Amino acid sequence: IFNWLTATVRGIYTNQGEIKGMFNAPHDTDSPMDYPSNYGGRFWDIGVGLNAVVTGGEFQGNRFSIEWLQPAYDNFNGYQLQREGGLAATWSLAF
């Protein structure tokens, strides 16, 4: 965008299998999270972000980054809660 500001876009695909096997001791299966078949699935996420580098002054060499990661597609194994977006922010210094 500028010499000091860049934008990013990324796509992430995740494929998680369900848990194989069971706990081999007595245990309760009271809720969906107790069943191994309710884990994993196929997921697509889209991330958009901005990165700014300070090129002069007292904060020269500092880098600020922010990214929003939004679930775009969910195909769960079994019953699971919907995923929500997340915000990540970093501040780093190069020396």
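The values are calculated or read from the model by the stated rules, or taken from the named source; none is laboratory data. Everything numeric in this text was worked out from a predicted model, so none of it was measured. Using ideal geometry, Cβ is built from the backbone for each residue, glycine included, and neighbour counts are taken over all protein chains shown. Heavy atoms of the whole protein, side chains included, go into the accessibility calculation; ligands, DNA and RNA do not. Shrake-Rupley method; radii C 1.70, N 1.55, O 1.52, S 1.80 Å.
General observations
- Per this entry, Asn3 is counted among residues that are touching a residue at least 40 places away in the same chain (Cβ under 8 Å) and either assigned to a loop (DSSP other than H, G, I, E, B) or β-branched (Val, Ile, Thr) (or both).
- Residue count for the stretch 5-15, restricted to those that are open to solvent by 70 Å² or more (accessible area, probe 1.4 Å) and among the hydroxyl-bearing types (Ser, Thr, Tyr): 1
- For the stretch 21-59, the tally of residues that are at pLDDT 90 or above and touching a helix residue (DSSP H, G or I) at 6+ places or on another chain (Cβ under 7 Å) stands at 0.
- Qualifying residues in the stretch 36-53 (those that are open to solvent by 40 Å² or more (accessible area, probe 1.4 Å) and outside any strand (DSSP E or B)) - the one farthest from Val9 (Cα to Cα): Ser37
- Meets criteria (more than 24 Å from Arg10 (Cβ to Cβ) and open to solvent by less than 40 Å² (accessible area, probe 1.4 Å)) for Asn77: yes
- Out of Glu58, Glu84, sole residue that is loosely packed, with under 10 Cβ neighbours inside 10 Å and in contact (Cβ under 8 Å) with a residue 12 or more places away in the chain: Glu84
- Residue check for Glu18: at pLDDT below 90, surrounded by 13 or more Cβ atoms within 10 Å (Cβ to Cβ), over 13 Å from the mean Cα position of the chain (by Cα) and of a type in the set (D, E, K, R): yes
- Leu81 at pLDDT below 85 and aliphatic (A, V, I, L, M): yes
- Residue check for Phe2: surrounded by 12 or more Cβ atoms within 10 Å (Cβ to Cβ) and hydrophobic (A, V, I, L, M, F, W, C): no
- Residue selection: Phe64 satisfies the criterion of being surrounded by 15 or more Cβ atoms within 10 Å (Cβ to Cβ) and on the phi < 0 side of the Ramachandran plot.
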